[in-house]
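The values are calculated or read from the model by the stated rules, or taken from the named source; none is laboratory data. Bear in mind that the values here come from a model prediction, so they are computed numbers and not experimental data. Virtual Cβ from ideal backbone geometry, glycine too; neighbours counted across all protein chains shown. Side chains included, ligands, DNA and RNA excluded: accessible areas come from the protein's heavy atoms. Shrake-Rupley method; radii C 1.70, N 1.55, O 1.52, S 1.80 Å.
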Amino acid sequence: MNTLIMLLREAAKNGGRLPTQRLLAEKLGSSLGKTNALMRKAKDAGLITEEAALTDAGAAYLERYRVDNAIILAAGFGSRFVPFTYDTPKGLLPVMGTPMIERQIEQLHAAGVTDVTIVVGYLKEKFDYLIDKYGVKLVFNPEYAVKNNFVSVYYARGQLKNTYLLVADHWMKENIFHTWEPESWLCCTWFEGATKEWGVKTGARGCITHIDTVGEDTWALNGPAYFTADFSRRFAALIEKAYETPGTDNDYWEHILMENLSGLEIYINRQSAENVHEFESLEELRVFDTSYAAETGSAVMRKIAETFGVSEGEISGIHPLKEGMTNQSFVFHVGSGDYVFRLPGKGTEVLLSREAEKRSYELIAPLDIADELVYFDDESGVKISRFYEGARVVDAEDDAELKRAMELLAKIHGAGIKAEHRFDVAEMIDFYEELAEGIDSIRFTDYHEVRAKADELLAFRERLAIPEILCHIDYVYANILWLPDGGERVIDWEYSGAADPIIDVAMFSIYSYFTRERADLALSYYLGRAPLRAETARLYMYMALAGFLWALWCQYKQGLGEEFGDYPLVQYRYMKDFYRILKEEGYLDE
């Protein structure tokens, strides 16, 4: 790196005079001989005096390298820190009494960097107080839920100058920021053995020549970065190009750097692992900040402790399950067992009856097929259930597994369980439509035309008058578990109710994005024979109506700030496509 600027910086930080050569050499990471030669060079250039004092020319020269601003990326969910991040963004979690992002801002301010932009997304409102407390600016990333953090840089690209780029959940013991920076750099710490962190290789003067997504016994990316104005200009153009390139949604901004490293000059900033921290789990944070050991301050952790009669410190092994569309869930370990905690998602208190869900669990209990409950609150919907280690979900594209899933469904339906609570698709469509219109979030241009088609299918359904039994309704492949011992479990009965049993086959089909042919195959497996034309008509009708229903469901949830990618489009298309099949092939006339 540019050691001349670093030398002038040390003089400016030290009241305008350089420290002793020995101390200066230590700060520059250089030998005494090289430090002496560098001082001579600065004196000859008129940047410092013979008495090692910074001259006006030296101060002016140094000023070219002043840091303009900082950008802090804070849009993500922070899944590895559930349950804390259900209501607090990870960067706002306190470490040693201070939220991580506040510590970063204070360290930046101490270095004279007061222009700070925070890119927000998840729980964006939580960051508003920082405007008043520190004078920061907030930039919203509307795609935070569906794309990785390079998009946060994209939305802040207009702020890239001589810029520090930080992630909100890093914690630095000692301040590594400066008023002036000589070169672009990436903060790296040393990792012994194999690491999932991105390893780097360096060439002359510490210039990074290679970045690898895996490493072993290596300096690896960990902590902030700094971009010079020239680097920022080049990198912003690459970020814009990546944003327009298909297949980049899951990229970190470091991916763009790694793929274009040959045209960019950036150096390693070696830092001690004792100084720069990124906490990967609650266990890591507990070791570092012992205040988390006994009591975390999380209502969810407190509920678990109360349920099992343990201290919060005895709850370990926390990791998120793949986030569902309705709820948020995570696995934890207590005593000798592993369990799942389900926290109901936004709007579910309106969408679902937890009392009905509890009744379904009671009704299905004799079959010993549902997930085993440890705790269930029929008001809030909070549920703790057994976690099935080694279980796997159904592969819906595998014929043998599809057959087994449909035969299991037929077995459940074969019990003929009656339920007073119903899942009436007509009532649910009316209900979801009312909710969605209430927040003005129905976005389909031809909605009223398609709604008329749905009404036609609902009238057809009424004429069928099919006897109803308890159905799962959410019979998605991810809710069907094959256990290591050969057993089976069907979990999450929250949408269940009395309905035409073929609705479960239809739900499985549209959740799996099945073609018509594969849905037909699922029905034949369920029936154990070739379907009658009337049975096929029911399957197609429910695929259409359920697609319409879930498209409306998504409209409501999107109005609450959630995002589901192409899911609502696919479901809306099921309504249109299968209505057309029913109409053109005469099913509705029979």
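Some notes on this structure:
- Apportionment of accessible area to carbon and sulfur, segment 220-284, percent (1.4 Å): 45
- Rounded to the nearest 10 Å², the accessible area of Glu26 at probe 1.4 Å: 140
- The mean accessible area for residues of segment 18-116, using a 1.4 Å probe and ignoring ligands and nucleic acids, is 44 Å² per residue.
- If you count Lys pairs in segment 124-252 whose Cα atoms are under 25 Å apart, skipping same-chain pairs closer than 8 places in sequence, the total is 17.
- Anisotropy class of segment 170-223 from Cα gyration tensor, a/c 1.5 cut: oblate
- Surface composition of segment 1-90: carbon plus sulfur atoms contribute 49% of the solvent-accessible area (1.4 Å probe, protein chains only, all chains present).
- Non-local Lys pairs in segment 286-411, i.e. 8 or more apart or on different chains, that have alpha carbons under 17 Å apart: 6
- Cα-based shape type of segment 64-139, given that a ≥ b ≥ c are square roots of the gyration tensor eigenvalues and the cut on a/c is 1.5: prolate
- Protection proxy ranking, highest mean first, for peptides 350-357, 496-503: 496-503, 350-357, where packing is the per-residue count of other beta-carbon atoms within 10 Å, averaged.
- Given the choices (1) 29.8, 102; (2) 24.8, 80; (3) 27.0, 90, Rg and Dmax of the Cα atoms in Å derived from the coordinates of this structure is entry (1).
- Cα gyration tensor shape of segment 133-198, rounded if a/c is under 1.5, else prolate or oblate by comparing a/b with b/c: oblate
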